[in-house]
Each structure stands twice: as structure tokens, then as C-alpha cells.
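Please read the structure below before turning to the comments.
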Amino acid sequence: MLGVCYYPEQWSESLWRRDAEQMKALGLSVVRIGEFAWSRFEPQAGDYQFAWFDRVIDILVGAGLEVVIGTPTATPPKWLIDQNPDVLPVCPDTGVVRGFGSRRHYDFSSHRYLAEALRITKVLVERYGKTKGVIGWQTDNELCCHDTTLSASAAARDGFRVWCEKRYGSIESLNESWGNIFWSMEYQSFSELELPVGAVTETNPSHRLAYRRFSSDQVVRFHSEMVAVIRDGAPGRFITHNFIPMKDTAVDNFALASELDFASYDNYPLGRTDFLLADASVDDIKPYMRTGHPDYSTYYHDQIRALSQKDFWIMEQQPGPVNWAPSNPRPAPGMVRLWSWEAFAHGAECVCFFRWRQARFAQEQMHAGLLRPDSSRSETWSEIEDLSRELGLFELENGQSSKAPVAIVVDVQGQWVSEIEVQGASYNFNEIQFEYYSALRQLGLDVDFLSPEDAFDGYRLVIVPCLPILNENFIARCKASTAEFVFAPRSGAKTSEFFLPENLPPGLLQQLIPIKVLSVETLRKGISEPLVYGEKTFESQRWTESIELLSDEVSVISTFSNGDPAVVKKGNYTYLATLTDVEFIKELMRCYCRDLEIPFSDLPPDVRLRKRGNLNFAFNYSDACQTIPTVSGVVFLMGAKQLLPRDVAVWRDQQ
């Protein structure tokens with residue numbers, strides 16, 4: 001199913017009917033509307049203007065399209081801000097109020113804004129919750145985008161004090177839990193608590209971790225209450241949210257998605273690759289400048305699928321140049337089609353393009369759409385026509401995403417710890433996690449993501465790239481699992497309140513692998529030392545640990561150049577005492593896949609595979625023809641074994 005994001009309030013009503021007819025003719029089925037239209041819904045407090053929106057919905061539904069309504073709460077109007085200036089967030093880095101004039105200008109801790117957001121949501125749901133043709137609702141828009149998770153407002157400070165009192169019970173317990181005897185940071189009452197911002201130098205990491213947890217809870221609370229209002233007034237309609245990457249929300253995304261019917265994602269391969277490879281050489285970035293990195297979009301597709309444990313939507317798909325990255329090239333011919341098929345292969349039920357018509361004005365006027373501002377068709381139009389036709393060639397059964405043999409455990413606390421205690425500028429939580437994912441994908445492996453609370457049943461290999469805070473329940477489930485576990489450095493390195501474990505890192509993980517981390521050093525990016533694995537030498541880099549083996553049952557499978565243990569193993573648990581290069585990760589994964597009888601294949605450069613149900617997909621990101629490995633005697637539904645540049649192939653499992 002294909003769809004589009006549409007902003008009828010930004011265009012003459014004379015265009016609406018023709019737009020709807022063209023959408024239907026193009027093969028689109030779904031239209032998202034309304035998420036930035038609060039000032040048109042309610043130009044003044046209590047003055048509701050919905051007649052225009054009624055006409056829009058009538059036109060779209062009349063043309064045979066289905067509608068998803070977004071709550072307009074990402075853009076509170078000027079009158080609301082003027083009446084309630086305290087709903088604005090405060091930048092935690094500068095202490096400056098983040099004012100009106102763009103979007104996401106509200107504070108998740110503001111009780112007043114929560115009430116206003118729920119009010120306008122309820123009014124919309126009461127009017128359209130049972131409207132024919134309105135099939136679902138999107139909450140807000142890109143929660144936490146533009147670094148809006150954290151606020152240093154008075155409302156956030158007051159809310160944090162209440163949150164801390166509930167968590168710790170007494171100020172004595174808080175002081176003990178945070179180690180506030182250090183630097184004489186003890187508090188005498190919860191009313192003295194400040195937010196950990198604006199100090200002379202770094203603030204207490206335990207304090208900052210509590211602030212991150214509190215801020216995450218505030219976002220989840222705001223969202224859950226909105227979902228409840230929609231659920232009550234729109235029976236039988238789905239509720240979703242268009243997530244940005246997990247690393248950018250920087251909250252507990254699993255909790256945030258828990259009340260939704262499914263999660264959605266906004267997919268911008270070129271913009272996000274430009275940020276990913278910001279420090280790369282010209283030679284490294286150029287092959288992906290117009291295609292995106294072959295693993296970066298799917299890295300987030302697979303995370304989004306994990307949030308609701310089911311298939312997802314792409315609510316915004318890049319159709320051309322965007323306007324917000326450092327550089328904004330146009331997609332190579334065929335790539336919008338490829339990205340869309342890639343999303344379907346990884347579990348998407350619907351791909352919606354952003355946007356229908358490129359804006360003539362305001363902040364996003366350089367962001368491409370399916371139509372240009374003069375309503376002429378953009379270069380992408382023919383690719384959408386091809387995609388629509390191809391979707392009719394075979395059926396994509398919803399809910400048929402295949403369980404992968406390999407899983408990666410992801411936890412926002414790993415991001416929090418690594419950002420609070422930097423220790424080495426070259427240690428980047430998301431990069432480390434992505435390196436493991438990309439290495440697995442280069443071996444033709446499908447990958448699932450899990451939260452630390454998810455079951456390991458059915459997985460043969462579980463990778464834990466960055467889980468510094470873990471608990472007894474996690475350890476118990478590891479013990480009960482037959483999977484092979486691989487833990488990267490820093491695992492188990494902190495207690496729940498950001499202390500070093502009494503028994504030293506990896507703390508609770510010593511129950512699985514009896515080792516002790518004696519010291520840590522961090523190296524500048526680009527500096528490496530030898531890492532010996534069998535008869536091959538790879539790189540130890542960025543973060544290295546000196547470890548002591550506490551049992552003869554621990555075997556050493558890789559060493560540093562001085563012979564000290566670098567990678568150790570006991571039973572089905574492996575611990576890496578260093579960050580390393582992707583080539584070593586691939587070599588290690590090959591060995592485990594052979595041992596575990598997980599089929600894998602070293603893929604040609606920039607070719608990737610994915611399985612959905614009984615369908616198999618191959619994608620060629622390169623500008624050269626490539627041969628799909630391990631495929632013979634099958635009938636292709638689309639494409640062929642000789643995969644053309646920037647093309648897609650699909651075939652069914654052999655009976």
C-alpha cells in the first residue's frame with residue numbers, strides 16, 4: 001500500500017479535487033493530513049474552524065482514498081503561546097527559552113500544555129473519530145525532534161523534584177544513591193534539587209542519569225495520555241506515531257510505543273547518510289551520496305519493527321532532495337523505488353511519501369515532493385508509477401516478517417551512559433551498534449532488535465553492543481537461553497545509579513563470564529593497535545580494557561599484541577574487551593554462524609538480502625551489475641539473478 005503526506009491548508013481549495021484524483025490515479029491509497037494545521041483548526045481560543053477540513057476529507061474519501069489524521073500538537077499556535085508562555089521549553093545547554101516561530105515549541109513537563117494538547121485532540125476525535133474513510137490517527141509529529149526531549153524549565157525542575165521523591169523516598173536515600181558526598185553535593189530536602197545543567201563543570205553523572213530517566217518518563221506520559229484520548233473516541237481506528245531514529249528521540253522508545261497499534265518511521269536515506277558519514281573522506285561518501293548507505297535505512301526499519309513487535313508503516317519517505325542535511329543531493333534514478341521495496345521487505349505495510357507538492361514558502365520550500373510547486377511532476381513520479389504497478393504482481397502478506405536468526409539488544413540507557421560519561425570522544429553508542437548491524441547485513445543475515453526485557457526464544461545468536469546497565473532478570477534470562485551471546489566492551493560497567501560495580505565491571509555479567517575489568521583506556525579515532533585472532537591480525541581501537549580472568553574455564557580466543565586477553569569466552573558467552581574494526585566483527589560472526597549452522601554469505605559490495613515470509617528480496621545499491629549469491633533454480637517474481645544497478649529482485653522460497 002502506498003500513500004502520501006498532504007497539506008491542503010497550504011494550497012488553494014481549487015486544487016484539492018484535482019490533487020485527490022491524481023493521487024488515486026498514481027496508485028496511492030492513503031493520505032495523511034492535519035498534523036500542522038492547529039492555527040487553521042482553532043485560529044483563536046475556542047473558535048473552531050473545521051468546515052474546510054470536512055471538505056478535504058470528503059474530497060479525498062470521495063476519490064477512493066483513505067485518511068490518516070495527525071494530531072496538530074507539534075505546532076501550538078501563537079495565541080496559545082501568548083496566553084501561556086510557560087509552556088515553552090528551555091534549552092538545557094544555554095538556559096534560553098526556545099520560543100515561537102518553528103515547531104515542537106512545547107515542554108513535555110508543562111501541565112498546561114498537556115491539557116491544551118489533550119483538549120484539541122479530543123475535539124478532533126469527537127468530530128472525526130467515527131468518520132467514514134478515516135482509518136487511523138497519528139499522534140503528534142516526530143516526538144523529540146530538534147533535541148526537545150530535555151528542558152530546563154521551572155516546570156521540568158518542579159516535576160523532577162516530585163519524580164525523585166517518588167523514586168528515592170527520602171533525601172538521604174537520594175544522596176546515597178547519587179554519591180553526593182563527592183564534592184560536597186549533598187541536598188537537605190527535595191525542594192533544594194536543581195536540574196543538572198548550568199554548572200561550572202560537569203555535573204554528577206547519577207544526577208544526569210536521573211534527569212534523563214525523568215525526561216523520558218515525561219515524554220511517555222504525554223504520549224500515553226494522548227493515545228488514551230484517541231482510543232476512547234475513535235473505536236476501530238489504528239493509532240500510530242511517526243518515529244525519528246531511536247538515537248534522536250533519546251528516550252525509552254519501547255515504552256513510548258507500548259500503547260500504539262504499530263509504530264511508523266520517517267525514512268530519509270540521503271539526509272541521514274550525510275550526517276552518518278559527515279567525517280568520511282570524499283572517496284568513502286561519494287558512492288552513497290545519492291543512494292544512502294545500504295544498511296542505514298534498514299537499521300532503523302528493523303528497530304521500528306521491534307518497537308511494536310509487528311509490521312510498521314513508513315509515514316514519510318524521501319522522494320527527492322531534502323532541505324535539512326549539510327548537503328542535499330537528489331536520489332539516483334531508481335533509488336526511491338528501491339528504498340520503498342526495501343521498506344516492504346523489512347516489514348512495512350504502507351509507504352507514504354513526503355510530500356505531495358513541494359512548498360513555495362517557509363522553512364521547507366527546498367524539500368522535494370511528488371509534484372513541484374507549479375504542480376508539474378517531479379523526477380520521482382515515474383518510479384512511483386512503477387512501484388504501484390509492481391505491488392500488484394504478488395501479495396505482501398501483512399504480519400509475515402520472518403524472525404531473524406540473529407538479534408541485537410538495544411537499550412537507551414547505553415546511549416545515556418555513553419553521552420553522560422564520554423570518557424573517549426571516539427566512543428559513539430550509535431556508531432558501535434551500527435557497526436555490528438552492518439557487519440551482519442554484509443554477511444546476508446537478517447537481524448532483529450530486542451529490548452533487554454524481550455525474550456531470546458528462537459534466536460541462535462544475540463549481540464549486545466552497549467548495555468552498561470543490566471539487572472538480575474536479564475542475567476537470569478541469559479542463563480536460561482541456549483543462544484550464543486556476544487557482549488561488547490562496557491557491558492555491565494555501571495550499576496543502576498551510575499556507580500562502578502563493587503566487584504568491578506562487568507558487574508553482574510561476571511555470573512556469565514568470570515572476568516574483571518582492571519582499567520580502561522580510550523584512543524583517538526584513527527589510532528589502532530594489533531588485535532590477533534588465529535593467524536590473522538585486525539584492529540583494536542577507540543576503547544580497550546585490561547581484564548583479569550577469574551576462572552580457568554574462561555578461554556582466550558583473541559589477544560592484544562602483548563599477549564593479554566582481548567576476546568574471551570565461557571560456554572555460550574563471549575566478551576570483547578575492545579572496540580574493533582568491521583572486518584574483525586565479520587570474521588567473528590562467520591565463525592559463530594558456522595558453529596551455529598546459521599546460513600550466511602559474503603555478499604558482493606553494496607548488495608543486501610532480506611526475507612519476508614516466503615518472499616526473498618535482493619537490493620543492489622551499487623552502480624554496477626551484481627550477481628545474487630546462493631540463488632539457483634528459482635522463479636523470479638521481479639528482477640533476475642543478475643541484479644541491475646540500483647535494482648531489486650524478488651523470488652519465492654522453493655517448495
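General remarks:
- Stretchable slack from ASP602 to ASN328, in nm (0.36 nm times residue separation minus alpha-carbon distance): 95.5 nm
- Karplus-based coupling profile of region 484-493, in residue order and whole Hz: 8, 10, 10, 9, 7, x, 5, 4, x, 7, with θ = phi - 60° in 6.51 cos²θ - 1.76 cosθ + 1.60 and x standing for Gly or Pro.
- Cα→Cβ-extended label distance, 7 Å offset, between GLU529 and ALA425, nm: 2.1 nm
- Our coupling estimate for region 432-440, obtained by passing each phi through the Karplus curve with A = 6.51, B = -1.76, C = 1.60 and θ = phi - 60°, is 5, 4, 5, 4, 5, 4, 5, 4, 5 Hz, Gly and Pro reported as x.
- Estimated distance in nm for a label pair at GLU548 and GLN654, the labels positioned 7 Å out from Cα along Cα-to-Cβ: 5.6 nm
- The alpha carbon centroids of region 505-565 and region 185-204 are separated by 37 Å.
- Partners of LYS479 within straight-line reach, counting lysines whose Cα lies under 17 Å from its Cα and excluding those fewer than 8 residues away in the same chain: LYS569, LYS570.
- Across region 229-352, C-alpha contacts under 8 Å between residues 6 or more apart give a mean separation that, scaled by the residue count, equals a relative contact order of 28 percent.
- Percent of alpha-carbon pairs separated by more than 22 Å within region 475-587: 31 percent
- Residue separation of CYS625 and LYS24 scaled by 0.36 nm, minus their Cα-Cα distance, works out to 212.9 nm of gained length.
- Converting the Cα gyration tensor eigenvalues of region 378-482 into ellipsoid dimensions via √(5λ) gives semi-axes, longest first, of 34, 21, 12 Å.
- The Cβ shell under 15 Å around VAL634 holds other residues with a net charge of +2, Lys and Arg each +1, Asp and Glu each -1.
- All other residues whose Cβ lies under 13 angstrom from that of ALA154 are scored, Lys and Arg at +1 and Asp and Glu at -1, for a net of -1.
- Taking the centroid of alpha carbons for each part, region 475-499 and region 39-117 are 42 Å apart.
- Largest first, the residues TRP651, TRP341, TRP324 sort by 1.4 Å accessible area into TRP324, TRP651, TRP341.
- Rounded to the nearest 500, the helix-only mean residue ellipticity at 222 nm of the chain stands at -9500 deg cm²/dmol, with each DSSP H run of n ≥ 4 adding -39,500 (n - 2.57).
- A convex hull fitted around the alpha carbon atoms of region 538-645 yields 144 Å³ per residue.
- Radius, Kirkwood style, for region 479-545 when every pair of distinct Cα atoms is counted (Å): 13.9 Å
- Whole-percent carbon and sulfur share, accessible surface of the chain, 1.4 Å: 49 percent
- Cα-Cα pairs of region 1-44 separated by more than 13 Å (percent): 59 percent
- Whole-Å semi-axes of the ellipsoid equivalent to region 290-377 (Cα gyration tensor, √5λ, descending): 25, 14, 12
- Bridge type composition, the chain - antiparallel percent by DSSP, nearest 5: 50 percent
- Over all pairs of different C-alpha atoms in the chain, the reciprocal of the mean inverse distance, the Kirkwood hydrodynamic radius, equals 26.4 Å.
- At an R0 of 51 angstrom, the distance between the Cβ atoms of PHE238 and ILE181 translates into a FRET efficiency of 0.50.
- Fully extending the segment from GLU497 to GLU395, taken as 0.36 nm per residue of separation minus the present Cα-Cα distance, adds 31.8 nm.
- Neighbours of ARG104, meaning other residues whose beta-carbon lies under 13 angstrom from its beta-carbon, give a summed charge of -4 when Lys and Arg score +1 and Asp and Glu score -1.
- Taking 10 °C and 1.306 mPa s as conditions, region 166-246 diffuses translationally at an estimated 101 µm²/s according to Stokes-Einstein applied to its Kirkwood radius (Cα pairs).
- Residues within the reach of a label modelled at GLU472 (point 7 angstrom out along Cα to beta-carbon, backbone nitrogen below 14 Å), restricted to region 500-530, are 508-509, 511.
- Comparing Cα centroids, region 162-176 and region 385-418 end up 41 angstrom apart.
- When restricted to Cα atoms, region 1-88 yields an Rg and a Dmax of 14.7, 47 Å, respectively.
- Taking label positions 7 Å along the Cα-Cβ direction at both PHE50 and ARG372, the computed distance is 3.9 nm, reported to one decimal.
The values are calculated or read from the model by the stated rules, or taken from the named source; none is laboratory data. Quantities reported herein were computed from a predicted structural model and do not represent experimental measurements. Don't worry about glycine lacking a Cβ; one is built from the backbone with ideal geometry, like all the others, and counts go over all protein chains shown. To get the accessible areas, we keep the full protein, side chains included, count just its heavy atoms, and leave off ligands, DNA and RNA. Shrake-Rupley method; radii C 1.70, N 1.55, O 1.52, S 1.80 Å.
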